[in-house]
Amino acid sequence: MENVLFRKYLIFLSTFIFSGCVAVQNGIFPEARDHISEKQFVIWMLSDIQPRTTLERNVFEAAVADINKNIPHIDMGIMPGDLLKSRSNDADFTWFKETRARAKVTDWYQIAGNHDVRSGPIFYKYFPQPQYYAVGYGNLLLLFLSDQSTASRTDISDETFLWWKDMVENNREKIIITVTHAQLKGSGLTGSFLSSRVIHNSKRFEKVLQKEKVALWVSGHSHLPQRLSGTVSVQKNLGGTYFVNVASISDELFLDSESRFFYFKDGSDVLWMRSRNHSKRLFNTSLDIPIPLGRSFTWSSGSPEVL
């Protein structure tokens, strides 16, 4: 109930404060189809599934059915946390993994959100991975940082931060994407002024971003409609990083189930990001956004590799 009330508050606030405010420059994807011709790499970004009842499982099942029928090719799926509700059991995880396995997605990667941490060790029983890890593909470097406490905010240890800092500083030739459950306080995303919506001690990361290049920072947690301004932001004072909220696979408050798709083209320095409405089974073309990467994406003939 607390999360539902919070979400209502943020939607109300966003409507009045951010209405008419443009955080990034939108584009028109249908006019740029040549961008993804030939060699392309497609990532499905989705988070905050966490069905509260067995009846609510149909929302994720419908999203999987949507992409299987309507999206011809997906190379990678990334989940920035809250895969399941707090205190989920074996039956919940079994359903989740079986449903996800039906999606026509080549490789899956995920992190723990605060609700996943609240389920205890069972999360890592079904997803045996470190709390932080990296995945490389071509010249893409994806840095995954799980939530590490049961608090509503995201807690990331200093050990994890130092690992992330080292990876950023020693891979300047890469296109770096960071994945966390909550957003940075200085991200400019809606809700960043609330401690429960952000990464605790965000300044550690922000000081690095002022000196180093991270192309994108992907998060979930806030469950806001993607049509609202403030779900995507670019911060020039943080190295020009684009911050993107990809939530949520949920139809709470009679809103639609949504996710995002990233389209990379070999040799292009522009990523096209699209907003997918699974409830309506279509892309919201008014939310197509071209994102400059700072360097051209390099295709790989191999598979993504956990580093």
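Read-outs throughout are calculated quantities, based only on the coordinates presented, and are distinct from any laboratory measurement. Predicted model only: the values in this text are computed from it and were never measured. FYI the Cβ positions are ideal-geometry reconstructions off the backbone, even for glycines, and counts take in every protein chain you see.
Scalar couplings 3J(HN,Hα) for segment 280-294, obtained by applying the Karplus form with A = 6.51, B = -1.76, C = 1.60 to θ = phi - 60°, are 9, 6, 7, 8, 7, 5, 6, 10, 5, 10, x, 10, x, 9, x Hz; x denotes Gly and Pro.
Of the listed pairs 39/213; 69/97; 97/165, which have alpha-carbon separations greater than 27 Å here? Exceeds cut-off: 97/165. Computed from the C-beta positions of residue 162 and residue 89, the FRET efficiency with R₀ = 41 Å rounds to 0.75. Taking the DSSP beta bridges with both ends in segment 121-263, the antiparallel portion is around 40 percent. With springs only between Cα atoms under 10 Å apart, run a GNM on the chain and tell me which of 178, 190, 285 wobbles the most. Comparing 178, 190, 285 in the GNM, the peak value goes to 285. The simple Förster model, with R0 at 41 Å and r as the Cβ-Cβ distance, assigns residue 237 and residue 68 a FRET efficiency of 0.50. The fraction of all Cα pairs in segment 118-184 landing in successive 10 Å bins from 0 to the largest distance is 19, 48, 27, 5, given as whole percents. Provide the percentage of antiparallel DSSP beta bridges, counting only those with both residues in segment 104-181; round to the nearest 5. Bridges in segment 104-181 are about 55 percent antiparallel. Taking every DSSP bridge with both residues inside the chain, close to 60 percent are antiparallel.
When the Cα positions of 194, 146, 184 are compared along the charge dipole of the chain, 194 comes out farthest toward the positive end, with charges on each C-beta of Lys, Arg, Asp and Glu.
Per-residue ellipticity at 222 nm computed for the chain from its helices equals -6500 deg cm²/dmol, with DSSP H segments shorter than 4 residues left out and the rest contributing -39,500 (n - 2.57).
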